[in-house]
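Have a look at the structure below, then the notes.
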Amino acid sequence: MHKDMEKQLQGYGLTTAQILYHLPDHPAILQTYVWQDYDLAPDFPEMRGFLKFWQEKLDGPLHSVRYLSTRPTEKSMPASDEPPK
């Protein structure tokens, strides 16, 4: 089974974050970075780990982070091997 499918079955949802950060050489200018991974709401350990890495290892101070997360529901996944009708 694919790793992403395993995470979905464990309740992980696809999370997308729009990260605005200050350019290191031009702090008045904001740049956008988009991050996406499967993560577990409401704590979002994957995203928090990435943001911690960013703050500790990368130049360019964070300005703001906006995120959206979806989680598979029982309705979106067939209950059997039969194709959905």
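What follows is calculated from the coordinates using simple rules that are stated; it is not laboratory data. Model, not experiment: these values are computed from the prediction.
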Amide H of His63: which non-local residues (sequence gap of 5 or more, or other chain) have their own amide H closer than 5 Å, using H built in the peptide plane? Leu20, Tyr21, His22
What is the Cα radius of gyration of region 1-72 over 2.2 N^0.38 Å, N being its residue count? 1.25
Quick one: Karplus J couplings for region 54-63, per residue in order, coefficients 6.51, -1.76, 1.60, θ = phi - 60°, nearest Hz, x for Gly and Pro? 4, 5, 8, 10, 10, 7, x, x, 5, 9
